[in-house]
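**Student:** Before anything else, here's the structure in question.
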Amino acid sequence: MPASYLDLQKQNGYGEMINKVIEAKRAPIRKKEEEKKKEQLRISVLGDLQKELTTLRNYSTRLYGADSIFNEYKFIPESPEILVGSARKPAVPGSYEVRVLQVASAHRLSSRDLGEGENLPASDFTLRTGGKNWDFRFGGGSVAAFKRLFERPEIQKVFSVASVRKGAGQSVLVLAAEKAGAASRIELMKDSGKLMDALGLFADAARAEAVAGAEAVLSQANFDGNGLAMDRERFVLEPGAVAMSRFSRDLALAPGERIDLAVSWRSLAALAAASNQAGKAGDRGIELATGLELPLRDRIAMEEDVFILPVLRPFDQTRLDALQAEREAQRRAEEAAQKSNAAKPAATNGQFLKVRYVDGEGIAEKVFSLPDDFAATPEGSNAFSLSDKDLTGGKGGVSIREFQFFNRNTHHQLRASWPRRLPAPPAEASNASPWKPAREISPAKPARLEYRGVVVEREGNAVSDLIDGVTLDLRSASEKPARFRVEWNEESIFNNLINFVGQYNLAMEQINVLINSDKPPPDAKEEVKNRWGLFRGEISMTLLKDKLRRIAIDPHPTSRPEVVSLLSQAGISPVFIMGNPNDLNIGKLDMKEEEAKKAFRANPDLVGELFAFDTDGDRMPDTGVAVDTGKLARSYDGRGAVLDIQRETCKRRIEQLEKEMKHEEAQVESYRKKLVNDFSELEKAQKEMERMGKYLEGASGGK
C-alpha cells in the first residue's frame, strides 16, 4: 500500500512544515522590522547632523556679535611691571604712551597687639566703605569669633580680616577693603560697645585730634599709691590694692569734655607662667617708654626671695624706682598665684573705679566695673571714658572731687593708664564718622595717570575709560612713560577662520552623503555605505545644501562692497566640480591661508564686515557670511527646528510600526496554533482509519 500524504508529513515532522508556513506569513513583519531599523538609523544620522550644525553655529558666533574675534586686539606692553591690559573695538591699532604717577590702593588697618586669650566686648557696629553701610552684631568673645563675622559671602566681597602673628602668643588683625581706590576708605559709623577701640582698629576722632592738647589730670604727683608700682604712663594694682587721687581743688569737667583711661588685666596664673618661661628662656629686658632697654643679667637666689641684679644704661632714678617696684610686684604676684592655686575664693569683684563728684544736686558717686566675664579670661583690656553725660545724664558740667581705684579680686593683676582730660570736640556734620583709623597700613587712594599731557584720577587700577576700547591694569608707579601697542590679533582670527571653514566642510560632506543619488564608492567605509542616500529626494536636506552654497557664493554687503563683498576676495573660494553632481567635495570651501592673510592685512575691517555687517545702524550685525550661516544652522539644529521635527516624525513612525508588528505577530501566532491543532486532528483521524482497517481485515478472515 503506498504511503499517504500524512505518512510523509509524519516522517518529516509537522513542525518543519508549520515553520515554513509561519515564515511565509511573517514576511510583512520582516519588512516592517527593516523599515524600523532604517528609521532608527535616520534618527541617529539626524542627531549627528544636528551636532555638526551646532558646532558650525558656535564657530560662526565667534566671527560676529559682541564676542567676535574681529572685535579683539592684542595688547603688547613694553613695561609689564608698570601696566598690562587688553584691547577691543573701538580701539585703534597703533602705539600709545601713558605715565603711571600713582597706583590705587585699598584701605588697610591694623589692630593693636592681641593676646591669644583676650576676650572682646559685645558691640553692634557699622562699617562704611564705597558709599554703603554694613551692619554687624558681635556678642562678645574671642578674636576668632570676631573674625567669623567677616566670613559671610556677601561680606567677603567687601572686607577681609586676617591675623598676622608677631611673636609667641601675640598677633594683630588686618582689616582691609577688597576694592582699591579712594572710595575704599573704611569708616566706623557706630560702635555701641567700643569694640573697635578695644581692638585698636579705630579711635575716637575728637579724642585723637585732641591728644596733643590733652591734659593729664592724675599722675604720680597727685596720686596716693601706697607703694604701688607706677611710672609716667601707668600704675599697677595687685589684688587687694587701693589707691586714690589727691586733688588740691575739685577737677572741673565742662560739657563735652571727657576723661579717658585704659585698664588691662592679667591672671596671676598667667603671670606666674610667663615669669617661669622667661626664667628658662632668658629675660631679654624691659622696653621702656623712652626706648632705653634694661638688660637683666644675673639672678641670685637668697633664701626664698629672688633678687635681680641689673646692669643699667643711664636713665632717671624715677624709672629705676618704678622698675624695682614692678619687679617686686611681680614677685608678690607669683606668691599670690601659688596661694591662689591652693585655695581660690569662689567669687570675684570686678569693681575698679569709684568717682566722687559734685553736681547741681550735691555730692554723688559712681562706680565703674570691668566687663562681667573678665575673671574667666587670662588677660584682656577695656577703655573707660567719663563725661558729664556719664555722670549726670547731660544735665550740665560737673566737678570731680576724687578718683578711687581698687582691685578687690584675688585672681588678676590690673594695670591702668593715667587719666587724661580731652577738650570738647568741634561741631561736625551729622553724617561724619566720629571715629578715625588708629593704625593705617595703607591709605585709600586713587590711581593717577598722565595721558597726552593731562593728569587724571581713577578709583581703581583697572582703567577702561581713558582710551577707547583699551583697558589698563596698573601695576606700579614710575617716572618713566609706559609704552604699549594695540594690534589686530591675527593669529586668533585665522585660527577661528580655519575652524569655521573646516566645520562648514564637514557639514557639507555629511549632507552630500545623505542626499547622494549615485552608488557609494567601493572603498567607502561601512558607516558611509549605510548612510549613503538615506535622505535622497528629501527637500529639506536639498534646501539646506543649496542655502549653504548660496551663502558661500553670493556677495555680502560691506561698507565698501566694490573692494570686498565675496568670500573669494578674502582668500576663501567655493569648490566647483564639473560633470559629477554627486561628488562629495561639491559645495565645500577652499581656504588658501597665505592669500587670506594678504587680503586681511590689506583690508582688515572689510574682511570682518564680510562675515558680520550691521546694515540698519543698531550696532547689531544682521548679515554676512558668519551671521547668515549661524541663522541657517539655528533654523535646522535648534529645539523645534527642521531636524528636530524630522527626528520626532521618525520616532512616531517607529511607534506605529511596533504597534502594527505586535498586532501581526499575534495573528501569526494564532495561525500557528490553528495549524498545530489541524495537524493534530488529522493525525487522530488517520489513526482511527488504520484501526478500522485492521478491524475489517480481521473480520473478513484475511480474504
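**Student:** Where in region 149-215 are the helices (runs of 4 or more DSSP H), entirely inside, with at least 1 residues that are modelled with pLDDT of 90 or more and in contact with a Pro (Cβ under 9 Å, 6 or more places away or on another chain)?
**Tutor:** On the way: elements: 153-156, 195-199, 205-209.
Once the helices (runs of 4 or more DSSP H) in region 149-215 are filtered for at least 1 residues that are modelled with pLDDT of 90 or more and in contact with a Pro (Cβ under 9 Å, 6 or more places away or on another chain), what remains is 195-199.
**Student:** List every residue pair whose Cβ atoms lie under 9 Å apart, where the two residues are 6 or more positions apart in sequence or sit on different chains, the first residue falls within region 358-373 and is among the hydrophobic types (A, V, I, L, M, F, W, C), and the second residue, located anywhere, is surrounded by 11 or more Cβ atoms within 10 Å (Cβ to Cβ) and not in a strand (DSSP E or B).
**Tutor:** V358/D250; A364/L391; A364/T392; F368/D390; L370/G350; L370/N409
**Student:** Filter region 507-537 down to residues that are among the charged types (D, E, K, R) and over 48 Å from the mean Cα position of the chain (by Cα) and give me whichever is least open to solvent (accessible area, probe 1.4 Å). Reasoning before the result, please.
**Tutor:** Step one: of region 507-537, the residues among the charged types (D, E, K, R) are 509, 518-519, 523, 525-527, 529, 531, 536.
This time we only want the ones that are over 48 Å from the mean Cα position of the chain (by Cα), so: 518-519, 523, 525-526, 529, 531, 536.
On the way: D518: 76, K519: 169, D523: 131, K525: 152, E526: 120, K529: 80, R531: 35, R536: 119 Å².
In this case the residue turns out to be R531.
**Student:** Does G502 satisfy the condition of being of a type in the set (G, A, S) and outside any loop (DSSP other than H, G, I, E, B)?
**Tutor:** Values: of a type in the set (G, A, S): yes; outside any loop (DSSP other than H, G, I, E, B): yes.
Considered against the rule, which asks whether it is of a type in the set (G, A, S) and outside any loop (DSSP other than H, G, I, E, B), G502 comes out as yes.
**Student:** Among the residues of region 668-689 satisfying the criterion of being in contact (Cβ under 8 Å) with a residue 12 or more places away in the chain and open to solvent by 70 Å² or more (accessible area, probe 1.4 Å), which is farthest from E34 (Cα to Cα)?
**Tutor:** L682
**Student:** Taking the conditions exactly as written (open to solvent by 30 Å² or more (accessible area, probe 1.4 Å), among the aromatic types (F, W, Y) and in a helix (DSSP H, G or I)), does Y59 satisfy them or not? Reasoning before the result, please.
**Tutor:** Values: open to solvent by 30 Å² or more (accessible area, probe 1.4 Å): yes; among the aromatic types (F, W, Y): yes; in a helix (DSSP H, G or I): yes.
Here the answer is yes, as Y59 does meet what is asked.
**Student:** Can you confirm whether region 539-554 contains a residue that is over 49 Å from the mean Cα position of the chain (by Cα) and of a type outside the set (V, I, T)?
**Tutor:** In the first step, residues of region 539-554 are kept if they are over 49 Å from the mean Cα position of the chain (by Cα); the result is 539, 542.
This time we only want the ones that are of a type outside the set (V, I, T), so: none.
No: zero hits.
**Student:** Can you tell me which residue among P80, P90 is in contact with an Asp or Glu (Cβ under 6 Å, 6 or more places away or on another chain) and outside any strand (DSSP E or B)?
**Tutor:** Values: P80 fails: in contact with an Asp or Glu (Cβ under 6 Å, 6 or more places away or on another chain).
Every option except P90 fails the conditions.
**Student:** Something else: Spot the failing condition for W134; the list is (1) more than 28 Å from N461 (Cα to Cα); (2) assigned to a strand (DSSP E or B); (3) without any contact (Cβ under 8 Å) to a residue 60 or more places away in the chain, and only one is missed.
**Tutor:** For W134, the failing item is (1).
**Student:** Considering E335, E428, E365, which residue is open to solvent by 40 Å² or more (accessible area, probe 1.4 Å), at pLDDT below 75 and more than 53 Å from the chain's Cα centre (by Cα)? Write out each step before concluding.
**Tutor:** Working: E428 fails: more than 53 Å from the chain's Cα centre (by Cα); E365 fails: at pLDDT below 75.
Within the list E335, E428, E365, the selection yields E335.
**Student:** In region 116-148, what residues are open to solvent by 30 Å² or more (accessible area, probe 1.4 Å) and farther than 19 Å from A375 by Cβ?
**Tutor:** D124, R128, G130, G131, K132, N133, W134, D135, R137, A144, K147, R148
**Student:** Can you tell me which residues in region 249-277 are touching a residue at least 24 places away in the same chain (Cβ under 8 Å) and over 30 Å from E116 (Cα atoms)? Full working, then the answer.
**Tutor:** First, the residues of region 249-277 that are touching a residue at least 24 places away in the same chain (Cβ under 8 Å): 250-272, 275.
Matches in region 249-277: D250, L251, A252, L253, A254, P255, G256, E257, R258.
**Student:** Is it the case, given these coordinates, that A198 is closer than 22 Å to S442 by Cβ and either touching a residue at least 24 places away in the same chain (Cβ under 8 Å) or open to solvent by 20 Å² or more (accessible area, probe 1.4 Å) (or both)?
**Tutor:** On the way: closer than 22 Å to S442 by Cβ: no; either touching a residue at least 24 places away in the same chain (Cβ under 8 Å) or open to solvent by 20 Å² or more (accessible area, probe 1.4 Å) (or both): yes.
No, not satisfied.
The values are calculated or read from the model by the stated rules, or taken from the named source; none is laboratory data. Computed from a prediction, not measured in an experiment: that's the story for all the values here. A quick note on method: Cβ atoms are made from the backbone with ideal geometry, for glycine too, and the neighbour counts reach across all protein chains shown. For accessibility, only protein heavy atoms count, side chains too; no ligands or nucleic acids. Shrake-Rupley method; radii C 1.70, N 1.55, O 1.52, S 1.80 Å.
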